[in-house]
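The values are calculated or read from the model by the stated rules, or taken from the named source; none is laboratory data. Worth saying up front: this structure is predicted, and the values here are computed from it rather than measured. Cβ placement follows ideal geometry from the backbone for every residue including glycine, while neighbour counts extend to all protein chains displayed.
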Amino acid sequence: MSSTKRGGIREVSDYYVTPIDEIILFLDHLISEVPDLLTKPNLSILDPCAGGDSLHEMSYPIALAHCGVTSEKITTIDIREDSKADIKADYLKIVTSDLNQWELSRESKFDIIITNPPFSHALPIIKKAFIDTKFGGYVIMLLRLNFFGSQARFPFWRDYLPKYCFVHHKRMSFTDFCKTDSIEYMHAVWHVGHRSVFTELKVI
């Protein structure tokens, strides 16, 4: 999801494709900081806003495949019925332990939760991801750089600064017409269970 037309209401049809090459760029840089990120035995990854449709693949699973992660290690969820996700549901309404109703051979918590959340619902998605990620795992979100602002989110930042922030120097295009938002984006990375007193920032 991009910031384009993002409002206070979560629209099922409000879908903007995350550029795969930018995700791969980010993952390459993150792996240089956390070399064992994607090599853990029995690795389990969740993309809770996976997207995909008849014309587009799900961006994060494709980027992860480029980094050697096979599809059986990834669970995908999306609210849209036309998504290519494994599970068609609102992530914010799912109890993670109930994922077995879809007969997925996953553990109840994940090593990594990574996604591009709808901007207006990003904070509750991040908070839920902390609950659904194993201790020592990683929560990774593509966010507007200005997500660091606002009085409403200030209490959250006091206790939950990300460990890393990778700022994309190129403005991203979330459409098939290569038009960009007038805004910068970052991949924020939290190391679950490890409180950061400052964030390491890298421009990529």
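Quick notes
- Within region 73-91, residues that are on the phi < 0 side of the Ramachandran plot and in contact (Cβ under 8 Å) with a residue 24 or more places away in the chain reach partners that are aromatic (Phe, Trp, Tyr) and surrounded by 21 or more Cβ atoms within 10 Å (Cβ to Cβ) with beta carbons closer than 6 Å, at six or more positions or on different chains, in the pairs ILE77/TYR91.
- Residue, modelled with the highest pLDDT, within region 88-111, restricted to residues that are surrounded by 20 or more Cβ atoms within 10 Å (Cβ to Cβ) and among the hydrophobic types (A, V, I, L, M, F, W, C): PHE110
- Region 112-167: number of residues that are in a strand (DSSP E or B) and surrounded by fewer than 14 Cβ atoms within 10 Å (Cβ to Cβ): 2
- SER32 being hydroxyl-bearing (Ser, Thr, Tyr), over 15 Å from the mean Cα position of the chain (by Cα) and either at pLDDT below 95 or under 18 Å from PRO117 (Cβ atoms) (or both): no
- Taking every residue in region 51-62 that is in a loop (DSSP other than H, G, I, E, B) and surrounded by fewer than 24 Cβ atoms within 10 Å (Cβ to Cβ) and pairing it with any residue that is of a type in the set (Gly, Ala, Ser) and modelled with pLDDT of 90 or more, at least 6 positions away or on another chain, the pairs with Cβ-Cβ distances below 7 Å are GLY52/SER83; GLY52/ALA85; ASP53/SER83.
- Against the test of being assigned to a helix (DSSP H, G or I), within 21 Å of ASP111 (Cα to Cα) and in contact with a strand residue (DSSP E or B) (Cβ under 8 Å, 6 or more places away or on another chain), the options LEU46, LEU25, LEU37 yield a single qualifying residue, LEU25.
Quick grid of which residues meet (1) out of contact with any Leu (no Cβ under 8 Å at 6 or more places or on another chain); (2) of a type outside the set (Gly, Ala, Ser):
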residue	(1), (2)
GLY51	yes, no
GLU57	yes, yes
TYR60	yes, yes
LEU64	no, yes
LYS73	no, yes
GLU81	yes, yes
LYS88	yes, yes
VAL95	yes, yes
